[in-house]
Amino acid sequence: MLVDAGTHLPAYRADEALAVFSDSLRARTAPETHACVLELRTGVHSRVAGALRELRQTREALSDELAPLGLRAAVAGTHALASAAETSNSDAARYRQVSKTMRSLAHREPTMALHVHVGVRDAEDAVRVLNRLRENIPILIALSANSPFVNGSDTGFASARTHIFGGFPRTGAPRSYRSYDDYVESVDALIAPGAIPDHTFLWWDVRLQPTIGTVEVRAMDAQTTVEDAAPLVALVQSLARLELDGGPLDRRSTPEMLEENRFRAARDGVEARLIDPTGRRLVPLREIAEQLIAECRPHATALRCAAALENLDQRLSANGANRQRACASRLGVASVVPTLADQFVRRHGSH
């Protein structure tokens with residue numbers, strides 16, 4: 001999110017900033033629905049560490065190029081002080097279309113998410129990975145929850161972003177699919193009659209991106225630091241390998257269970273108790289996450305992201321929502337965004 005360097009209120013100047021960025025930075029940034037939000041993009045990487053290294057470099061470049069404009073960048077699932085009454089949308093063609101079709105929904109409070117793409121060569125394998133990741137959406141939401149404040153108030157949710165963004169159509173968990181043909185037929189039923197322009201207007205928690213050959217996870221709140229993002233990226237990649245090399249999923253949540261678990265994860269974050277689809281009981285998130293980490297550990301080792309995966313244990317103690325609330329308790333809600341901006345980049349040699 002772009003903020004005014006003095007007030008740290010949302011700065012609806014993304015289009016202006018993009019117009020003056022260097023060519024190298026412009027290639028790694030893009031507009032979003034709200035004009036106070038920029039999307040940062042990495043290239044394709046075979047290792048988690050490589051993607052995070054590029055993201056860190058992009059953050060540093062962005063910070064440098066925003067400074068002369070009187071702007072700073074910060075990352076969370078929401079801006080703690082943002083109000084829907086004051087929003088402005090990007091003038092980019094895609095987001096003019098979003099604004100036209102979503103009407104008042106496009107003028108909600110701005111939200112920011114962490115999207116992780118996993119390349120999968122085979123279409124049927126991609127559907128298997130989508131189905132596996134679908135089952136783990138609540139865990140990803142709880143671990144990444146980083147948006148407790150909106151309009152200066154504590155929402156009572158660890159991830160308010162999940163439910164604000166859920167006001168859009170075609171959001172939430174996708175259904176489980178039997179095959180790639182099943183997925184294509186389902187999506188084509190919306191595209192063929194012109195109900196939606198293309199598959200990128202499906203904003204599900206997990207979706208296929210056939211044009212670039214990836215499964216895209218979209219359920220997580222944006223992360224304040226690159227170090228915060230690392231274990232979540234490692235978990236997503238490891239879950240994909242677990243599905244493809246570790247055997248098929250032996251349990252599936254009903255749609256009702258999955259929706260309830262999404263709600264609980266967004267509300268309670270790492271303190272959530274989720275429904276176990278096998279035992280039909282409520283289980284602490286820590287217990288579920290620790291079991292999942294154990295299942296993913298050999299796959300993370302093979303993918304060379306084991307150290308990042310192990311850092312998930314720190315998220316089970318305190319995710320971004322916990323830290324924002326601790327900051328607000330000490331210094332007031334108005335201090336949250338300046339603190340997030342201070343953490344946006346950590347230069348070499350800083351701590």
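Read-outs throughout are calculated quantities, based only on the coordinates presented, and are distinct from any laboratory measurement. What you see is a predicted model; the values in this text were computed from it and never measured. Positions of Cβ are generated from backbone atoms using ideal geometry, with glycine treated the same way; all protein chains shown enter the neighbour counts.
Taking Cα pairs under 8 Å and at least six residues apart, what relative contact order does the chain come out at, in percent?
Details: 621 pairs, mean separation 74.7, N = 351.
Answer for the chain is 21 percent.
Exposure proxy ranking for THR29, THR254, based on other Cβ atoms within 10 angstrom of each Cβ and starting from the fewest, stands as THR254, THR29.
For LEU114, nonlocal amide neighbours, meaning residues 5 or more places apart or on other chains whose placed amide H falls under 5 Å from its own, are MET220, ASP221, ALA222.
Taking the Cβ of GLU109 as the center, what net charge do the other residues with Cβ under 15 Å away carry, scoring Lys and Arg +1 and Asp and Glu -1? Walk me through the numbers on the way to the answer.
Values: positive: ARG108, ARG161; negative: GLU32, GLU86, ASP154, ASP221.
So the environment of GLU109 carries a net charge of -2.
If you wrap the range 148-200 in the convex hull of its Cα atoms and look at it from every side, the mean projected area works out to 5.1 nm². Between HIS115 and ALA30, residue separation times 0.36 nm minus the direct Cα-Cα distance comes to 29.2 nm. Legend: calculated FRET efficiency, ASP91 to THR301, from the Cβ-Cβ distance at R0 = 45 Å, rounded to 0.05, equals 0.45.
Rounded if a/c is under 1.5, else prolate if a/b beats b/c, else oblate: with a ≥ b ≥ c from the C-alpha gyration tensor eigenvalues square-rooted, which is the chain? Rounded is the answer for the chain, as its axis ratio a/c remains below 1.5.
Considering only ALA85, ALA306, ALA160, the Gaussian network model of the chain with Cα springs below 10 Å gives its largest mean-square fluctuation to ALA85.
Of THR155, THR33, how do they rank once you tally other Cβ atoms within 10 Å and put the fewest first? Could the numbers behind the result be given before it?
Working: THR155 19, THR33 23.
So the residues, fewest neighbours to most, are THR155, THR33.
Amide H contacts for ALA82 (H built 1.01 Å from N in the peptide plane; partners 5 or more residues away or on another chain; cut-off under 5 Å): ASN151, GLY152. Between ALA318 and ASP122, the modelled label-to-label distance comes to 4.5 nm, taking each label 7 Å out from Cα in the direction of the beta carbon.
Suppose every K and R has +1 on its Cβ and every D and E has -1 on its Cβ; what is the size of the dipole of the range 2-342 about the Cα centre, in Debye to the nearest 20?
Its charge dipole is roughly 300 debye.
In a GNM of the chain with a 10 Å cut-off on Cα contacts, which of GLU135, GLU295, GLU243 has the highest mean-square fluctuation? For the chain, modelled as a Gaussian network with Cα springs under 10 Å, the answer is GLU295. Taking other Cβ atoms within 10 Å as a rough exposure proxy, ARG218, ARG41 sort from fewest to most as ARG41, ARG218. Largest mean-square fluctuation among VAL150, VAL44, VAL120, in a Gaussian network model of the chain whose springs join Cα atoms under 10 Å apart, belongs to VAL44.
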